[in-house]
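One structure below.
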Amino acid sequence: MEKILVSACLLGDNCKYDGGNNLNEFILSLREYYDIIPFCPEVEGGLPTPRSPSEIKNALVVNKEGKDVTRNFLLGAEKAVSLSKLLGIRIAILKENSPSCGVRKIHDGSFQNHLIDGEGFTASALKRIGVKVYSEKDELSFLIPQKKETPTEFVSYKERGKKAENRIKEEKPRRDVMKKKTPYSKKDRFDKGHRDNPKGRKSFGHDKNKKSFPKKGNSRFSRNKREKKY
């Protein structure tokens, strides 16, 4: 599964400078398709949470109290580069406007919430090693794999007819087996009689030339016997 480096605050980690997060539900859903690697350059660089907000001014990073924290931001960027090389990461999704993760916009250093064109330290370092860096504000739906639709094959009428004939031939034996016999059919009566008396059917009254069985005592032999007796 491909790995993607993501700013930890976008995944719900409370590592933002004020102790909060920037949870993004869409980026969180990418866990279904990718191995998401959370990373916060500022925390990895040794800064605490919560902390004083920082902005880039004259190529340096200073916090609101005027303290230079450039070293911490450089260390966080170096760790992000090392981790990407180690895990073979080719894609990163970072938090826009951040002095470490800003992809296209950063604050101007006046702490007046003014944005200018620029890149954060970590975003810039990742781009230099060939990692494709995206912002959470970019259109990222392309990251969801699309199901490939198999093209429908053209089938001529003759081929359809042959397939139908073959299917009927295959199903016919099954239909014959599933047919139920009539419980009192003539064929069943004949088969039963033939099994019980293999010598023939005449004793069972199935002789077509006779309408019925001869009645007892009406045969020629019985009449002669009675005449002799009297």
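Just so you know, all these numbers are worked out from the coordinates, no wet-lab data involved. Model, not experiment: these values are computed from the prediction. Cβ placement follows ideal geometry from the backbone for every residue including glycine, while neighbour counts extend to all protein chains displayed.
Could you check what % of the DSSP bridge pairs in region 3-143 are antiparallel, to the nearest 5? Intermediate results must be reported in sequence, preceding the final value.
Numbers: 8 of 21 bridges.
Counting only bridges with both partners in region 3-143, antiparallel ones make up about 40 percent.
Calculate one ³J(HN,Hα) per residue across region 65-77 by plugging θ = phi - 60° into the Karplus curve 6.51 cos²θ - 1.76 cosθ + 1.60, and present them in order as whole Hz with x for glycine and proline.
The phi angles translate into 7, x, 7, 7, 10, 4, 4, 5, 6, 5, 5, x, 5 Hz.
Cα centroids of region 71-109 and region 1-57: how far apart, whole angstrom?
10 Å
Count charges around TYR17 for me, please; just the other residues with Cβ under 9 Å from its Cβ, Lys/Arg as +1, Asp/Glu as -1.
Details: positive: LYS16, ARG51; negative: ASP18, GLU42.
My count for the surroundings of TYR17 gives 0.
Going by C-beta contacts inside 10 Å, put LEU5, LEU74 in order with the fewest on the left. Display every interim value, and only then the final one.
Working: LEU5 23, LEU74 17.
Placing the least packed residue first, the sequence is LEU74, LEU5.
By how many nm would the segment from PHE26 to PHE142 grow when fully extended, if each residue of separation counts as 0.36 nm and the alpha-carbon distance is taken off?
Stretched fully, the PHE26-PHE142 segment lengthens by 40.6 nm.
Taking H placed 1.01 Å from N in the peptide plane, check which residues at least 5 places from VAL61 or on another chain put their amide H under 5 Å from its amide H.
Result for VAL61 returns VAL69, THR70.
When a/c reaches 1.5 or more, the comparison of a/b and b/c decides; with that in mind, is region 3-143 rounded, prolate or oblate per its Cα gyration tensor?
Values: a/c = 1.61, a/b = 1.50, b/c = 1.08.
Since a/c reaches 1.5 and a/b is larger than b/c, the shape of region 3-143 is classed as prolate.
What distance in nm lies between label points placed 7 Å from Cα along the C-beta direction at SER110 and LYS158?
About 8.1 nm, to one decimal.
Based on the mean of other Cβ atoms within 10 Å per residue, sort peptides 86-97, 58-69 so the most packed one is first. List each step's numbers first, then the result.
Working: 86-97: 18.3, 58-69: 12.9.
Those peptides, ordered most packed to least, come out 86-97, 58-69.
Residues of region 42-70 with backbone nitrogen within less than 17 Å of a virtual label 7 Å along the Cα-to-Cβ line of LEU83, please, listed as ranges.
What the label zone holds, given the 17 Å backbone N cut-off, is 42-49.
Could you point to the residue in LEU126, HIS114, LEU94 farthest towards the positive end of region 3-143's charge dipole, with +1 and -1 charges on the Cβ of Lys/Arg and Asp/Glu respectively?
LEU126
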